[in-house]
Each structure stands twice: as C-alpha cells, then as structure tokens.
1. Quick check on region 244-264: of everything there that is among the aliphatic types (A, V, I, L, M) and away from the ligand (no atom under 11 Å from the Cβ), which residue is least open to solvent (accessible area, probe 1.4 Å)?
2. I'd like to check something: does region 265-276 contain any residue that is at pLDDT below 95, surrounded by 20 or more Cβ atoms within 10 Å (Cβ to Cβ) and in contact with a Phe, Trp or Tyr (Cβ under 9 Å, 6 or more places away or on another chain)?
3. Looking at the structure I just gave you, is Asp135 loosely packed, with under 15 Cβ neighbours inside 10 Å and within 18 Å of Gly28 (Cβ to Cβ)?
4. Specify the residue that is farthest from Glu283 (Cα to Cα); the eligible residues are those in region 426-451 that are open to solvent by 20 Å² or more (accessible area, probe 1.4 Å) and among the β-branched types (Val, Ile, Thr).
5. Looking for whichever is open to solvent by 40 Å² or more (accessible area, probe 1.4 Å) and among the β-branched types (Val, Ile, Thr) here; the options are Val368, Val316. Which one fits?
6. Considering (1) in contact with a helix residue (DSSP H, G or I) (Cβ under 7 Å, 6 or more places away or on another chain); (2) more than 25 Å from Asp257 (Cβ to Cβ), say which one Glu98 fails and leave the rest.
7. Given the conditions (1) in the same structural domain as Ala265 (by TED's automatic domain parsing); (2) without any contact (Cβ under 8 Å) to a residue 60 or more places away in the chain, and given that Lys479 satisfies all but one, which numbered condition is not satisfied?
8. What are the residues in region 452-468 that are surrounded by fewer than 17 Cβ atoms within 10 Å (Cβ to Cβ) and either aromatic (Phe, Trp, Tyr) or within 14 Å of the ligand (Cβ to nearest atom) (or both), if any?
Amino acid sequence: MTERAGSAHEWLARAAAWMPETRAFIDGGFVSFAGATRFETIAPRDGSVLALIEDGGAPAVDAAVAAARAAFDDGRWRRMPPRQRAEIMRRFADLVLEHRDELALAEPLDVGKPIAEASTTDVNETAEAIRWYADAIDKVHDEVLSSPEHALLTVTREPMGVIGAIVPWNFSIIIAAWKFAPALATGNSVVLKPSELSTLPALILARLAAEAGIPDGVFNVVPGLGDSVGSALARHPDVDKIAFTGSTATARRVVMDAAGSNMKAVSIEAGGKSPHVVFDDVEDWERLVDTIAGSIFYNAGQACTAGSRVLVHESVHERLVADLVAKAASWMPGDPLAAATQMGAIASRRQLDGMLAKLDANRSGAVVTGGRAVAPVAGGFYLEPTIIDGVDTAAPIAQEEVFGPVLTVSTFRDEGEALRLANDTVYGLAAGVWTGSLSRAHRFTRELRAGIVWANDFNALGIDRPFGGVKGTGAGRDKGVQALTQYTTTKTSWVDFRGA
Ligand code: NDP
C-alpha cells in the first residue's frame, strides 16, 4: 500500500468516524472485566477526550497470563514448524502495512506525533521488525559441543515461556514490535502492556495479529495504568520474563517487583541524556547542524536517544549556537494532523508541565531560543524548540532527562575534558562525536560509555543493530540477532548412548 497523507481536514473526518477498541485483547478476542475501571485518554493535539479505556487491573493480567501459559504449555505456537511460524509473522507484517492509515491516525491523536512521521516511520519500522524476526526464525542454530564417542553434548535454545512486555508511548508500536517480534519468533507467548497514553495502536496490532493467524492466547494486550496492570504483570508469579522500556524510575520498581515475586528475568531499556561532542575540525558543518537539530527536535525530543547535550570546542561554540538557533526556527510545532508538520505535540499535559517546571527551575545558562508553551491548535500541549547556552554540565538541566525539545550547550577546551564531560551522566544509551580526525573518532567510539556510539552521525539506527545502554539506562538489548537471545534460555543436554 502506498503512503498517504491527506489534509488535516481529511484526517479529522476519519478521526470523527473512528470507533477505537478500548478493551483488553486476551485469548484471541476483546474482553471486558467485571469491576474494570475506565480512564480517559486525552488527545494532546487539542486537549480533548479521545476515548475511555478499560483497566481490568490484576484480574485482567491473571486472565492474560493464564491464556498465554496455556498456549505455551500445549505448544500450539512453539511446536509449530518454524517456517509456518515465519509465514504467519510475515502475514502479520503485511497486515500492518495494509492498515497503515488506521495505525498512523492513532498516533497523532493519541500522542500528538506528526501524521507524516506516523504513517511512514512508525508503520514501516513496526512491519520491518516483525518481518525481520520472521525471516530470522530458521537462521539461528543450536550448538553441538565436542563430545566423546559414546555421547552427544548439545546446547539448544528454548523459548522462556510467558513474556510480559511493558512499553512507553513515544514510539509505541515500534518499541512493542522490538519486543514481541523476537519473543514470538522464538516461540514464546506474550502479554503486552502499552502505556496508558498510547493504548489504541497496541489494540489495533492485537487484532491484526489474530487476523494473521497467530493462535489464540499467544499474543495478548492488556491496557491499564502502570500502577495497576504494569505492576501486576511485573509481580506475576507465572511470567517468565519482563521486557521493559521506560523511565529509569519505573525500571527500578519493575526490577524490585520481579525480584520480590518469582525472580523472573528482566531486561531494561531506560532513559538517556545523550551527548554530541563537537570538535573544531568537523568536515560537513551543515550536516552537523541538521543532525543535531533533528536529534533533539524530532518527535518533540521525546526520544530515548535524543541528542540533548551539546559539548562543543570553545573555538567553534559561537558559530554552532548561532546556526542551531537559526535551524530551530524550522522546527516550530504545528498541528500533528497537518502533512507539513515536523514537530507535533507533547504527549500529555503532565509531560509538558514537567518540562516547563524544569525550564523554570533552571538557573544555569541562558535560553537563546524557545522555552515557551505555544498552541498551534487551541487547547493542545506544545513546546517551542528550546536551546539553552552556557550551561554548567553539573546543573540539573544538563544531568536530568527532560524528554522534550530542550537542548543544552556547554563548552570544552581539550579532548580529555570533552570525554570526561560526555561520560559524566548516570545514563549510557547513546553518544556521538563529530571530528575530521579518524584517530580521534576511533578513540572516542572506544571510550564513550554508551551502548550505541556514532562518529560524524547520530541516530543511524536499523533493525539489524543491537539497541540498548549501560549504567542507568539498563542492561537489555532490543533489535538485531542479539534480541533473540533475550527471549530464549539455553539447555545443555548430555546423551550417553553406550549399549549394555
Ligand atoms: P514510564 O516509565 O512512565 O512508563 C513506561 C511503561 O511502564 C508504561 O507502560 C507505564 O504505564 C509502565 N509503568 C508505570 N508504572 C509502572 C509500574 N509500577 N510497574 C510496571 N509498569 C509501570 O515511561 P514513559 O512511558 O513516560 O516513557 C518515557 C521514558 O522511556 C523515558 O525515560 C525514555 O528515555 C524511556 N525510553 C527508553 C528507550 C530505550 O530504548 N532506552 C526508548 C524509549 C523510551 P503507564 O504509561 O500506564 O504509566
């Protein structure tokens, strides 16, 4: 299907006719729970109530985990020939593309993402992740270790069982697919808990998974609040693993809940405060400026790999700030449903208020552009692209994740200082160095403490490349063949076949 982005008016007309599903998807169908509460999901585009979503709480989680366990135990999915599983997952990927408009529309309405992005990046990368892991199913092999003549020693990879996937709202369907696709490919059952801010796209995916032929009980989606559904899933005694992406604060609670219940495995992808280290010998200045601006203003800065800290050599500092301020003007927020919009809304009133509070409390450096809430659509939640220059690298604004379109700029004098400042963060997701010196680029990619590093680029990402961090960002890896090992466990088997 081709990519389409009609006028904001057309998208609004579609939105008006849209009846989104708001119930949990368990054991192959949408279900309601007696005693379920309902919560409002607000459209950040204009502050209106988009839908009332059911939160079935612990009973819904119990039902989903029981369905997932039953499906795992009877082997309806994990025992299916790998090629057949791959076929079904490919059909799932095709259906994601075929329902491009429906999935894309949910994003600007639910979280304020620009429609042009949602209908391309979000839909395409979700389908790509599902297809990539479908294609990987029969390409990962087990091992035969050296064995004596009378025995066979093998190490086989087996699915873990029931995987609880807890995901955020910023790239809701892409990050969900980074987890459920390798989990399904390796034969597990999944219970997905979307963020309360982005439930609707996940429920569309559930419907498409069933339509593709994923057997009942294998893929379940339970909407609800973090403290009810999220916590119940993390504490559940019959969940074998939690694959989590979200903030470091929530990650800590998930790890403690896992440890306090059945010691389930946990993989964590949490926050970031990723630096751009800019030297005075950058070869392509224009691309540098474009890339830095894109890395912090794309998705309104609500990206875990947002390049939120610039550390620049003092000799090119003034030039860089002037160019970034000029570039920021092209990222002014607009209506998420308008095709030309590059930067949409902030996902919720709470997120926007948190950003404004951090800006208000900041006492370091000077705001050289932005800093104010604006309203290209009345009632909506928007923040201007913001740059703060001359920031003390120890200040909270340079240390804490803002998760918004806010860039800090600080200077350094030499390479040693640049490296020390770049690594001076509790996080360790991504980092970039900009320099014309090949040896310096190599030194930095070795010494930067982050799970993903780039030299003379930023956010060069792909489904084939492992994604995750170190330090406070956590210890999991999404994407790449490495992710397959996150959903399997090894079994060492020794068979002695000596006769009597
Ligand atoms: P949160 O930590 O608030 O939420 C993440 C998920 O956890 C949501 O589904 C949330 O549900 C759920 N949750 C909340 N409380 C609990 C709980 N007690 N037990 C179990 N689950 C719970 O993060 P955000 O959704 O606000 O996402 C932004 C954060 O995610 C940022 O810090 C960002 O850096 C990080 N992130 C990291 C990425 C990475 O790969 N490293 C990628 C993308 C984002 P609910 O929404 O209903 O509260």
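The values are calculated or read from the model by the stated rules, or taken from the named source; none is laboratory data. Everything numeric here is computed off the predicted structure, so don't read it as measured data. Cβ atoms come from the backbone with ideal geometry, glycine included; neighbour counts cover every protein chain shown. We work out accessible area using only protein heavy atoms, side chains counted, and drop any ligands, DNA or RNA first. Shrake-Rupley method; radii C 1.70, N 1.55, O 1.52, S 1.80 Å.
1. So in region 244-264, the residues among the aliphatic types (A, V, I, L, M) come out as 249, 251, 254-256, 258-259, 263.
Now restrict to residues that are away from the ligand (no atom under 11 Å from the Cβ): 259, 263.
On the way: Ala259: 58, Met263: 144 Å².
Residue satisfying both the conditions and the ranking: Ala259.
2. Just the residues of region 265-276 that are at pLDDT below 95, to begin with: 271.
Now drop any that are not surrounded by 20 or more Cβ atoms within 10 Å (Cβ to Cβ), which leaves 271.
From what's left, in contact with a Phe, Trp or Tyr (Cβ under 9 Å, 6 or more places away or on another chain): 271.
Looking for residues that are at pLDDT below 95, surrounded by 20 or more Cβ atoms within 10 Å (Cβ to Cβ) and in contact with a Phe, Trp or Tyr (Cβ under 9 Å, 6 or more places away or on another chain), one finds at least one in region 265-276, hence yes.
3. no
4. Top of the filtered list is Val426.
5. Answer to the selection: Val368.
6. (1)
7. (2)
8. The answer is Leu461, Arg465, Pro466.
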